Amino acid sequence: MKKLKKTDYDFLAKEYVSSQEEFYKDKKDISRERLFSRIEKPIKGKKILEIGAGAGDDLECLYKAGGEVYGIDISTEMIKLANEKHPHLKNLYVGSFEENKFADDFFDLIVSRFTIHYSNDLDKGFKEAYRVLKSKGVMIFLVPHPLVDFIVKKNKVYEKSEVIRRPVFSEKLFLNYPTHTLSEYLSKFVLDHFDLVSLDEEVNISDKNRETGFLVIKLRKK
């Protein structure tokens with residue numbers, strides 16, 4: 001199966017950021033609002049990691065709320081854009097869901113939006129998240145809804161993964177990623193090592209002015 005490479009988003013970075021900014025200039029960022037609504041307050045003083053930091057806009061919101069923020073992204077170009085856009089955010093690094101260089105038991109909170117679904121080995125990523133979270137630390141992630149992705153699949157076997165091509169930002173840009181099932185996001189490892197705090201769904205398949213359907217899953221380290 002095709003795996004996302006750093007160079008994929010290095011090539012797309014500027015176009016992705018400009019398309020994102022254009023898309024949201026006159027509408028709410030519903031997925032950000034939904035993910036942020038699950039973050040427990042207060043944020044001030046908490047060590048927060050964003051997986052897939054992109055241009056740093058979500059981290060900027062968390063920074064303004066008082067968080068001690070850290071961000072990783074697989075793309076060197078994305079980290080460069082984030083540094084240019086938010087030069088006061090100092091803890092931005094190249095890294096991935098499956099591998100980072102942070103110490104054990106370091107973070108109070110991990111957030112990720114439209115990133116971890118690119119992984120071909122979700123459990124490897126969840127093991128890394130478990131490692132760097134403090135006891136009772138929280139992970140909140142947002143991913144495309146598996147049923148919405150299923151509509152695009154060619155093989156029409158829910159359990160069989162397939163790399164699909166999905167339009168984003170009113171079809172201004174197309175992204176490729178592997179499909180996943182709900183049971184992959186809530187695997188045996190996940191349920192053995194985390195408590196499932198909440199699961200929210202947004203299913204949208206027709207309105208191009210809205211984000212694609214998504215899941216928001218909140219976990220707490222046991």
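Which condition number in (1) closer than 19 Å to residue 144 by Cα; (2) among the aromatic types (Phe, Trp, Tyr); (3) out of contact with any Leu (no Cβ under 8 Å at 6 or more places or on another chain) is the one that residue 93 fails?
Here residue 93 clears every test but (1).
Would a scan of the stretch 101-108 turn up a residue that is within 23 Å of residue 185 (Cβ to Cβ) and small (Gly, Ala, Ser)?
Taking every residue of the stretch 101-108 in turn, none turns out to be within 23 Å of residue 185 (Cβ to Cβ) and small (Gly, Ala, Ser).
Restricting attention to the stretch 131-149, does a residue exist that is in contact with an Asp or Glu (Cβ under 9 Å, 6 or more places away or on another chain), small (Gly, Ala, Ser) and either surrounded by fewer than 15 Cβ atoms within 10 Å (Cβ to Cβ) or more than 15 Å from residue 116 (Cβ to Cβ) (or both)?
yes
Among what's in the stretch 98-113 and is in contact with an Asp or Glu (Cβ under 7 Å, 6 or more places away or on another chain) and modelled with pLDDT of 95 or more, pick the residue that is surrounded by the fewest Cβ atoms within 10 Å (Cβ to Cβ).
98
Restricting to the stretch 135-166, name every residue that is part of a strand (DSSP E or B) and over 12 Å from residue 213 (Cα atoms).
135, 136, 137, 138, 139, 140, 141, 163, 164, 165
Being farther than 15 Å from residue 53 by Cα, out of contact with any Gly (no Cβ under 9 Å at 6 or more places or on another chain) and at pLDDT 75 or above, is that true of even one residue in the stretch 1-9?
No: zero hits.
Please list, ordered by first then second residue, the pairs with beta carbon atoms under 6 Å, 6 or more apart or interchain, first in the stretch 188-201 and in a helix (DSSP H, G or I), second of a type in the set (Asp, Glu) and modelled with pLDDT of 95 or more.
189/123
The values are calculated or read from the model by the stated rules, or taken from the named source; none is laboratory data. Keep in mind the model is a prediction, meaning the values are calculated, not measured. In this analysis, Cβ positions are derived from the backbone assuming ideal geometry, glycine residues included, and neighbour counts consider all displayed protein chains.
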